[in-house]
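Notes to accompany the following structure.
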Amino acid sequence: MAPLVVDNVVKRFHQGDRVITALAGISLAVQQGQFLAVMGASGSGKSTLLHLMAGLARPNAGSIRINGADLARMSDKQLTLFRRRNIGLVFQAFNLIPTLTAQENVSLPLMLDSSDGGAVAAKVDQLLHILGLSDRRTHRPDALSGGEQQRVAIGRALAADPAIVLADEPTGNLDSVSGKSVCELLRDLCLTHGKTIVMVTHEPSVAVYAQEVVVIRDGQFVQRFATDGATGQDLAARYQESLK
Ligand SMILES: Nc1ncnc2c1ncn2[C@@H]1O[C@H](COP(=O)(O)OP(=O)(O)OP(=O)(O)O)[C@@H](O)[C@H]1O
Ligand SMILES: [Mg+2]
């Protein structure tokens, strides 16, 4: 069974007396260990889709199942716990706590769930190593580059060992070199560590790191295709073509 299934999901927002349909009945499945990019123009519903997958908002219709569990059947409290244990979230803004070091920011989610200090320290060491941040562990966010801050945020997302990582424009605030290192890290987490990853982006040069691309427009599914070693230019052309 696919670990992440979105089935005919509708999401509407009420803005004054207007109703905005952000998602208009979208369905997709993400396979175990897959790295999927979601592309679409600004306002097409990408972030809304990711928020619903994370259980941060609830759909008006349709269902979202993660590892077989229907998010709609959970109370807010159950959802919070489920999210903490099963989903790692990464946003465009790194959202690190400025007064905490890299090491402390990464260990934060573990502190919420575990009282075993030794196990937490060992886990954080391992994560900082994977992230290439071992020699930055005592730096606070203002003493880290943008790319390093995003890697700390990815470490925090991975701390509880979630099977699924959801990333919304994770390279949006980064220069191209830092962006590339974050993309390589995400790809490695998928290939070497078996994580299932959904990444929202509107940059073809970022989407090429994923194995497949889903294009959405006006909250609806448009197309899904494999990247198959495509270059950023190939993918840009394919993306433009799909929106015609
Ligand atoms: N809380 C909200 N209240 C009202 N409308 C909203 C709300 N959140 C999103 N929308 C609307 O829903 C639509 C989809 O928004 P969403 O943030 O999912 O787009 P997006 O594809 O992530 O765009 P971007 O690439 O600019 O981040 C937009 O038209 C947006 O204005
Ligand atoms: Mg968005």
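Taking other Cβ within 10 Å of each residue's Cβ, how do VAL38, VAL198, VAL222, VAL177 sort, fewest first?
VAL177, VAL222, VAL198, VAL38
Taking θ as phi - 60°, what are the ³J(HN,Hα) couplings along the stretch 12-26 by the Karplus curve (6.51, -1.76, 1.60), each to the nearest whole Hz, with x for Gly and Pro?
10, 10, 9, 10, x, 9, 9, 10, 9, 8, 7, 10, 10, x, 9
Which of THR231, THR171, THR192 moves most in a GNM of the chain, Cα contacts under 10 Å?
THR192
Can you figure out the FRET efficiency of ASP116 with GLN233, using R₀ = 51 Å and their beta-carbon distance, to the nearest 0.05?
About 0.55, to the nearest 0.05.
Of the beta bridges DSSP finds with both residues in the chain, what % are antiparallel, to the nearest 5?
Roughly 60 percent of the DSSP beta bridges within the chain come out antiparallel.
Quick one: Karplus J couplings for the stretch 56-63, per residue in order, coefficients 6.51, -1.76, 1.60, θ = phi - 60°, nearest Hz, x for Gly and Pro?
Each residue of the stretch 56-63 in turn: 7, 8, 10, x, 7, 8, x, 9 Hz.
Dipole of the stretch 91-236, Cα-centred, from +1 at each Lys and Arg C-beta and -1 at each Asp and Glu C-beta, to the nearest 20 debye?
In debye, rounded to 20, the stretch 91-236 gives about 100.
Per DSSP helix of 4 or more residues, -39500 (n - 2.57); summed, then divided by the residues of the chain. What does that give at 222 nm, rounded to the nearest 500?
Taking each H run of at least 4 residues, the total per residue is -11000 deg cm²/dmol.
Want the number for ASP142 to ASN67: 0.36 nm per residue separation, take away the alpha-carbon distance, what's left?
Result: 23.3 nm gained on full extension.
Once the principal axes of the Cα atoms of the stretch 90-193 are found, what is the range along each, listed largest first in whole angstroms?
39, 30, 22
Name the residue, out of GLY146, GLY68, GLY25, whose mean-square fluctuation peaks in a Gaussian network model built on the chain with Cα pairs under 10 Å.
Of the options given, GLY68 has the highest mean-square fluctuation.
May I ask for the angle, rounded to the nearest 10°, between helix 117-130 and the longest principal axis of the chain, with both axes built from Cα atoms and the value confined to 0 to 90°?
With rounding to tens, the tilt is 60 degrees.
Would you please report the Å³ per residue occupied by the convex hull of the alpha carbon atoms in the stretch 22-67?
Per residue, the Cα convex hull of the stretch 22-67 comes to 83 Å³.
How far, in nm, would the chain grow between ALA57 and ASP125 when pulled straight, counting 0.36 nm per residue and subtracting the alpha carbon separation?
My answer for the length gained is 21.2 nm.
Given charges of +1 on the Cβ of Lys and Arg and -1 on the Cβ of Asp and Glu, with all other atoms neutral, how large is the dipole of the chain about its Cα centre, in debye to the nearest 20?
580
Which of ALA157, THR171, THR138 sits farthest toward the positive end of the charge dipole of the stretch 114-176, with +1 on the Cβ of Lys and Arg and -1 on the Cβ of Asp and Glu?
THR138
Anyone know which of GLY229, GLY45, GLY172 comes out most mobile in the 10 Å Cα GNM of the chain?
In the Gaussian network model the winner is GLY229.
In cubic angstrom, how much convex hull volume per residue do the alpha carbon atoms of the chain span?
Here the figure is 136 Å³ per residue.
Where the Cα atoms of the stretch 1-125 are projected onto their three principal axes, how long is each span, largest first, in whole Å?
Each principal axis gives a Cα extent; for the stretch 1-125 these are 50, 35, 29 Å.
Please tell me the relative contact order of the chain in percent, rounded to the nearest whole number, where contacts are Cα pairs under 8 Å and at least six residues apart.
Relative contact order for the chain comes out at 26 percent.
Can you tell me what percent of all Cα-Cα pairs in the stretch 131-244 are more than 24 Å apart?
30
Given a Förster distance of 25 angstrom, what is the FRET efficiency for ARG12 paired with ASP188, based on the Cβ-Cβ distance and rounded to 0.05?
Calculated transfer efficiency: 0.10.
Report, to the nearest 10°, how far helix 146-158 tilts away from the longest principal axis of the Cα atoms in the chain, using its own Cα long axis and a range of 0 to 90°.
90
Reachable lysines from LYS195, Cα under 19 Å, same-chain residues fewer than 8 places away excluded?
Result set, ordered by chain and number: LYS123, LYS180.
For LYS244, go through the lysines and keep the ones whose alpha-carbon is under 24 Å away, minus same-chain ones fewer than eight residues off.
LYS46
Which whole number in µm²/s is D for the stretch 135-189 by Stokes-Einstein, with the Kirkwood Rh taken over Cα pairs at 20 °C and 1.002 mPa s?
Answer from the Stokes-Einstein relation: 182 µm²/s.
Against the longest alpha carbon principal axis of the chain, how many degrees, from 0 to 90 and to the nearest 10, is the axis of helix 176-191 turned?
Roughly 90 degrees between the two axes.
Where a number appears in this text, it was derived from the coordinates with a stated rule and is not lab data. These numbers were taken from a predicted model, which means no experiment stands behind them. With ideal geometry, Cβ positions are generated from the backbone for all residues, glycine too; neighbour counts draw on all protein chains shown.
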